[in-house]
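*Asks:* Got a structure for you, written out below as structure tokens; questions coming shortly.
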Amino acid sequence: MNTAEIAIRAAAVERTGGCLCGKIRYRVMGDPRVHYCHCDMCRRATDSAFAALPSAGVSWPGKEPYFRRSSPLAKRGFCGEYGSPLTLACDAVVNEIALHVGTFDNPAELEPQYNYGSSQHLSWVRCGTDLPHLDTAERW
Ligand SMILES: [Zn+2]
Ligand SMILES: [Zn+2]
């Protein structure tokens, strides 16, 4: 298989997901870039020890999430009905939105490839410790 064939196959893959209550659904084409984020902002936004974020182009076939500014650096999207956190859009990264991996219909196929915000990694978190570690300069 050559590079062009691989690109066509990747583009043909459609993934879907949505919030817990089902009011908001999304579609993603291709293979998202998936990573763990250990930054304090993602921890607070997801109420979790870290976020696993696939970055991708996304379409909303029905209702869109509520998008609110969560910091001077980014906006986050969530279900306005029951509050499921769904997205992260950093101002510095144009035309890319990160989705919370747990909201995909099949999150098992989206394995994180690296860590981000590693200087804020909680010492008792054991996921992905063998993967590359990148730090974040984003603070506020
Ligand atoms: Zn919902
Ligand atoms: Zn983060």
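*Asks:* Would you mind telling me which numbered condition in (1) under 19 Å from SER70 (Cα atoms); (2) assigned to a strand (DSSP E or B) VAL94 fails?
*Replies:* Single failed check for VAL94: (2).
*Asks:* Hey, another quick one. May I ask you to verify whether LEU99 is in contact with a strand residue (DSSP E or B) (Cβ under 9 Å, 6 or more places away or on another chain), surrounded by 20 or more Cβ atoms within 10 Å (Cβ to Cβ) and among the hydrophobic types (A, V, I, L, M, F, W, C)?
*Replies:* yes
*Asks:* Now, a different point. In this structure, is ARG9 away from ligand 2 (no atom under 16 Å from the Cβ) and either of a type outside the set (S, T, N, Q) or modelled with pLDDT under 90 (or both)?
*Replies:* Criteria met by ARG9.
*Asks:* Related question: Among the strands (runs of 3 or more DSSP E) contained in the stretch 41-82, which hold 2 or more residues that are at pLDDT 95 or above and of a type in the set (D, E, K, R)?
*Replies:* Those strands (runs of 3 or more DSSP E) span 66-71, 74-78.
*Asks:* Looking at this structure, is GLN120 under 20 Å from CYS39 (Cα atoms), out of contact with any strand residue (DSSP E or B) (no Cβ under 8 Å at 6 or more places or on another chain) and within 16 Å of ligand 2 (Cβ to nearest atom)?
*Replies:* yes
*Asks:* Moving on. Conditions: (1) farther than 22 Å from THR129 by Cβ; (2) surrounded by 21 or more Cβ atoms within 10 Å (Cβ to Cβ); (3) away from ligand 1 (no atom under 16 Å from the Cβ). SER70 meets all but one. Number of the miss?
*Replies:* Only one criterion in (1) farther than 22 Å from THR129 by Cβ; (2) surrounded by 21 or more Cβ atoms within 10 Å (Cβ to Cβ); (3) away from ligand 1 (no atom under 16 Å from the Cβ) is unmet by SER70, namely (2).
*Asks:* Checking CYS127 against (1) more than 16 Å from ligand 1 (Cβ to nearest atom); (2) without any contact (Cβ under 8 Å) to a residue 40 or more places away in the chain; (3) outside any strand (DSSP E or B); (4) farther than 16 Å from GLU138 by Cβ: exactly one of these is not met. Which one?
*Replies:* Of the numbered conditions (1) more than 16 Å from ligand 1 (Cβ to nearest atom); (2) without any contact (Cβ under 8 Å) to a residue 40 or more places away in the chain; (3) outside any strand (DSSP E or B); (4) farther than 16 Å from GLU138 by Cβ, the odd one out for CYS127 is (2).
The values are calculated or read from the model by the stated rules, or taken from the named source; none is laboratory data. Just so it is clear, the structure is predicted and the values come from calculations on it, not from any experiment. So basically every Cβ, Gly included, is an ideal-geometry build from the backbone, and we count neighbours across all protein chains shown.
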